[in-house]
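Beneath this line is the structure, given in structure tokens, with notes to follow.
The values are calculated or read from the model by the stated rules, or taken from the named source; none is laboratory data. The shown structure was predicted, so the numbers you read here are calculated from the model rather than taken from an experiment. FYI the Cβ positions are ideal-geometry reconstructions off the backbone, even for glycines, and counts take in every protein chain you see.
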Amino acid sequence: MRALILRRVGLLETGAGGPVIVGRAENGDVLRLQGFLRSNGHPHQRLDPETDPEAKALIERFHVDPGQLPIVLCPSGQLLRNPGENELARCIGLVGPIDPNRVYDVAIIGAGPAGLAAAVYAGSEGLRTLVLDCRAFGGQAGASARIENYLGFPTGITGMALMARAYNQAQKFGVEMAIPDEVIGLDPASYPYDGRFVLSLSNGERASARSASKARACIIGLRPSRQSCAPGRRWRLSARATRPARPWFIWRPR
Ligand SMILES: Cc1cc2nc3c(=O)[nH]c(=O)nc-3n(C[C@H](O)[C@H](O)[C@H](O)COP(=O)(O)OP(=O)(O)OC[C@H]3O[C@@H](n4cnc5c(N)ncnc54)[C@H](O)[C@@H]3O)c2cc1C
């Protein structure tokens, strides 16, 4: 685990490895893609199309029109032309398809501090756990320059460093991450209620989870007003899903 973290930090600091973005530093789409990769702790490089000879060679080789910039060259060799975050995440292997037939013990919506804490405890208890977040791990805390009031860090720690530790810790316990994947609906799997529920994702996939026999399967409440995935979109919560036979649902009303 320590070696993995140090290697990742080294790659981030040296700007080596990961996808190559070709585009001007001030371009809005370049900033969007870099922001996405940075907030997911993913190493990447940016090349200037006007001054960098390697960038010019890539543009020539793939016959890229200036209007198609920025382009992204993934480590697999695939070239994307001004991709969305989801397309980029899939190209670099950050997120893959969720097996719709796989039933998770716990599905957690949101990879902020609350979601990641729940994931660490669920994973460490051996529960088959899935965490979904529409943007990046860390939630609001990931944007904090310095967190001084978190237990065990008397000198403070950046939000990103704290959340990256939690993210790695959850993965160490076998928690599966689906980031970026936006949840748009939550329904019981069948009627009568059999303990399973289905999460609908904005990309059309579905993931299912069942309430564990003794513990409660948890859905962590979100604060969509502040961290909305798509501004104006509300996610659908089936009325029956809020009234299960036994309590399993942790929900923060907005
Ligand atoms: C700049 C900044 C500095 C801060 N500094 C401090 C501090 O020093 N000390 C302190 O105690 N607190 C601080 N806070 C507050 C703290 O970060 C929040 O209280 C905390 O992050 C809340 O955690 P959460 O997991 O409940 O929710 P969030 O952090 O809001 O996480 C919710 C997650 O859910 C995801 N999500 C939302 N909708 C969906 C959906 N439909 N599908 C999938 N995913 C979804 C979001 O992308 C997000 O990642 C700070 C906040 C900010 C913005």
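Some points to look at:
- The one condition in (1) in contact with a Gly (Cβ under 9 Å, 6 or more places away or on another chain); (2) part of a helix (DSSP H, G or I); (3) over 20 Å from Gln169 (Cβ atoms) that Phe36 fails to fulfil: (1)
- Cβ-Cβ distances below 8 Å connect the following pairs, each with a first residue in the stretch 1-29 that is surrounded by fewer than 12 Cβ atoms within 10 Å (Cβ to Cβ), a second residue that is at pLDDT 85 or above and among the charged types (D, E, K, R), and a separation of six or more residues or different chains: Met1/Lys172; Ala25/Arg46; Ala25/Asp48.
- Number of residues in the stretch 142-181 that are outside any loop (DSSP other than H, G, I, E, B), hydrophobic (A, V, I, L, M, F, W, C) and under 17 Å from Ala111 (Cα atoms) equals 10.
- Residue match in the stretch 97-106 (condition: within 16 Å of the ligand (Cβ to nearest atom) and either touching a Leu at 6+ places or on another chain (Cβ under 7 Å) or at pLDDT 90 or above (or both)): yes
- Looking only at residues of the stretch 128-144 that are free of Cβ contacts under 8 Å to residues at least 60 places away in the same chain and more than 7 Å from the ligand (Cβ to nearest atom), we find that the one that is surrounded by the fewest Cβ atoms within 10 Å (Cβ to Cβ) is Arg128.
- Residue list for the stretch 79-105, filter: assigned to a loop (DSSP other than H, G, I, E, B), in contact with a strand residue (DSSP E or B) (Cβ under 9 Å, 6 or more places away or on another chain) and not β-branched (Val, Ile, Thr): Asn82, Pro83, Leu94, Gly96, Asp99, Pro100, Asn101, Arg102, Asp105
- Test: residue in the stretch 40-54 that is free of Cβ contacts under 8 Å to residues at least 40 places away in the same chain, more than 24 Å from Gly138 (Cβ to Cβ) and part of a helix (DSSP H, G or I): yes
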